[in-house]
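Have a look at the structure below before the remarks.
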Amino acid sequence: MKTIFFFLLIVTTQINNSKAQSFSFVESKVQNITPTCSNYDEFYVHMRNEKMDSLRMQWKAIENPMDSCWKYQYSMCDNQNCYSGIPSTTTTMISIGSGDTTFLKFGNNGMTHFSGTPVVKILVWDMDIPTEMDTIIFYFNICPDSVACTYSSLSAELFLNKDEVKVYPVPANDKINLTYPILNSGKISISDLSGKEIILIPADGISSSINIQWLTKGVYYIHLLENNKIAFTQKIIKL
């Protein structure tokens, strides 16, 4: 009887340990982020599959105070997709094999303005064991040249509305055309879904034409900036 008891105890312990060790963190799950401010930065948290079979993870933001002042300055990627901002709805990664790693990546693109002192928390879990959850925390150090702001100071609707700016054609293949009011210190920027800036040119006069023939097919954002602040944003599609 004692032999059977100890056998059951060992098996139970192994099962509990296998659940607790579904995945492990390669880097710390508490990240202190200090961006270079003017460039695109990437901060990874890798997770290793500790199971003998495949692992498919899910995640979502459970705390994200980065309001509209931070808009278009940051993104979150997993091993399948990149998102502008951090989704608060459940997102599923591509499955990985035993011993392999998957990741979440925070990307920032020129932190020129900010609001508050954000602490972002992301919930992660093995979709096969949804009760076993863990939390990744990102603490942000504000860039020294960033400007504190509110929604109204950066609102595209209050600065340049859709009637003042025309972007065409959408979708586009060879070039994107823009018309806009005269700006004092205007620039045109095109970024990908991760927030990485790909094109930056002056917004001279009242119109511009941008060659996008060399861009990879997909979805991008085009921005009009005034004094290095986003005044207008529109999604574009490259065919």
- [ ] Would you grab the residues whose amide H sits under 5 Å from the one on G85? Only those 5+ places off in sequence or on another chain, please, with H modelled 1.01 Å from N.
- [x] Y74, S75, M76
- [ ] Calculate the all-directions average of the projected area of region 155-238's alpha-carbon convex hull, and give it in nm².
- [x] 4.9 nm²
Task: Most positive-pole-ward Cα, Y139, F43, Q213, against dipole of the chain from beta carbon charges - done: Q213
Open item on the list: Could you tell me the extents of region 24-148's C-alpha atoms along the three principal axes, largest first, rounded to whole Å?
Closed with: 49, 23, 22
- [ ] With the cut-off at 17 Å, report for region 56-104 the share of all Cα pairs above it, as a whole percent.
- [x] 39 percent
Task: Rg/Rh for the chain, where both radii come from Cα atoms and Rh is the Kirkwood radius - done: 1.12
Task: Where the Cα pairs of region 65-204 fall when distances are cut into 10 Å bins, in % - done: 9, 31, 32, 19, 8, 1
Task: Assigned charges on the beta-carbon of Lys, Arg, Asp, Glu; region 24-148 dipole about Cα centre (debye) - done: 200 debye
Open item on the list: Let me check I've understood the local charge: for S98, count other residues with C-beta under 11 angstrom from its C-beta, Lys and Arg +1, Asp and Glu -1. What total comes out?
Closed with: -1
Open item on the list: Quick one: 3J(HN,Hα) in Hz for region 194-205, Karplus 6.51/-1.76/1.60 with θ = phi - 60°, rounded, Gly and Pro as x.
Closed with: 7, x, 6, 6, 10, 10, 9, 9, x, 9, 7, x
Open item on the list: Compute the helix-to-body angle for 2-20: its Cα long axis versus the longest principal axis of the chain, expressed 0 to 90° and rounded to tens.
Closed with: 0 degrees
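Coordinate-derived values only; no laboratory data. Everything numeric here is computed off the predicted structure, so don't read it as measured data. Heads up, the Cβs are rebuilt from the backbone with ideal geometry, glycines too, and the neighbour counts pull from every protein chain shown.
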